[in-house]
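What follows draws every value from the coordinates through simple rules; no lab data is involved. Just so we're clear, the structure is a prediction, and the values are computed from it rather than from any experiment. When we count neighbours, we look across all protein chains shown, and the Cβ atoms used for this are built from the backbone with ideal geometry, even at glycine.
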Amino acid sequence: MTIVKQRSDAPPGFFEAEAAGLRWLAAAGGTRVARAVDVRAGRIELERIGEVPPTEEAAEAFGRSLARMHDAGAPAFGAPPEGWNGPLFIGRRQMPSARERTWGAFYARDRVLPFLPVALEAGGISSAGAVVVREACERIAAGDFDDGEPPARIHGDLWAGNVLWSEEGVTLIDPAAHGGHRETDLAMLALFGCPRLDAVVAGYDAVHPLRAGWRDRIPLHQLHPLAVHAAGHGPSYGRALEQAARAVLDLAVPGE
C-alpha cells in the first residue's frame, strides 16, 4: 500500500528534494526511512507505514540507528543529499545549501538568519527579539560553539510527527536532509516531544556518546526550527526563539 502527497503549487524540485533526502538517509544504513515509490513534479508516492505504540525497546533501537545514520557523514556542513543539485526545503520553506568546513558559519548564516526577516514581516517576532537572535548568531558564526565534529548526515526536520513507530521499528518521513551537527536532530526531538526520548538518547549514547554539556546546548540547536516556525506559525514561536537565543548568549565558550 502507498500514500500520495501532491501540491499543484509545489515549487520546482519540492518533492524531488524529499525523495533525494530519503534515498540519502536510507543509504546510511541507520534508521529506516519511508521508500519513495514514484516522484515527479508536484507529486510523490510513498510506501504507507502502519503505526504501532512506541516501546522502550523500539526507542532504544531508534537511538542506536540514528547514531549510525549520523555517522555516515556528509561532505560538508550544509551539503545537500548526494546526487541532488536542486533546492532544499524544510516544510514548505526553501532553505540554502552550503559547502562550509565549519558548523557555526553555516548554521547562523543558512539555518537561522534566512528566516528572521520573514518572521519580522509576519509579526512572528518583535524587533527587540530579532536583535537578540542576531547577537546569538554573531557568536555562533564566530565559531564559539564549533567543536571539531565532522558533518553528520542529519534528517534536518526531526520532530515527533516525522518519526513513525512501526512493527519494523521507527521509520522516518519528510526529511530536510543535509550535512549538519548531530545534536540538531536530537534538539528537534526534544523541542516537539518525541515519545520515550530518554530511551532514544540512551540508545544513541551507547553507539556514539554525546559530548559533555549537550543538554545545555539544546537551545542552540533549536534556533533553526524555532526560526522556521516563527516565520509562519505565530509570535509564540518568536518568543521561544528569543528565549533560546538568550540561552545561547549565556553559554560559555567550550574550553574556557
Scoring region 1-128 by relative contact order with C-alpha pairs under 8 Å, at least six apart, yields a percentage of 22 percent
Footprinting proxy, Asp110, Asp198, Asp71, Asp185: sorted fewest to most Cβ within 10 Å, the residues are Asp198, Asp71, Asp110, Asp185
With R₀ set to 30 angstrom, the calculated FRET efficiency between the beta-carbons of Glu82 and Glu47, to the nearest 0.05, is 0.90
Phi-derived 3J(HN,Hα) across region 154-171 with the Karplus relation (6.51, -1.76, 1.60, θ = phi - 60°), rounded Hz, x for Gly and Pro, is 9, 5, x, 9, 8, 8, 4, x, 9, 10, 9, 8, 10, 4, 8, x, 5, 10
Lys and Arg at +1, Asp and Glu at -1: neighbours of His208 with Cβ under 15 Å from its Cβ sum to -2
Between Val37 and residues 5 or more places away or on another chain, the pairs with built amide H atoms under 5 Å apart involve Glu45, Leu46, Glu47
Semi-axes in Å, largest first, for region 51-250 (Cα gyration tensor, √(5λ)) are 26, 18, 17
Magnitude of the Cβ-charge dipole (Lys and Arg +1, Asp and Glu -1) of the chain about the Cα centre, nearest 20 debye, reported as 540 debye
Whole-Å distance linking the alpha carbon centroid of region 53-129 with that of region 169-224 is 12 Å
Along the dipole axis of the chain (charges at Cβ: +1 for Lys and Arg, -1 for Asp and Glu; origin at the Cα centre), the most positive-end residue among Phe15, Val200, Gly30 is Phe15
Expressed in angstrom and ordered largest first, the alpha-carbon extents of region 1-122 along the principal axes are 41, 36, 31
Relative contact order in percent for the chain (Cα pairs under 8 Å, 6+ apart) equals 25 percent
With -39,500 (n - 2.57) per DSSP H segment of 4 or more residues and division by the full residue count of the chain, the 222 nm estimate, nearest 500 deg cm²/dmol, is -13000 deg cm²/dmol
In whole Å, largest first, the alpha carbons of region 210-256 cover along the principal axes 37, 20, 11
Given 77-84, 8-15, the highest-first ranking by average Cβ count within 10 Å works out to 77-84, 8-15
Ranked by GNM mean-square fluctuation in the chain (Cα springs under 10 Å), the top entry among Glu121, Glu138, Glu45 is Glu121
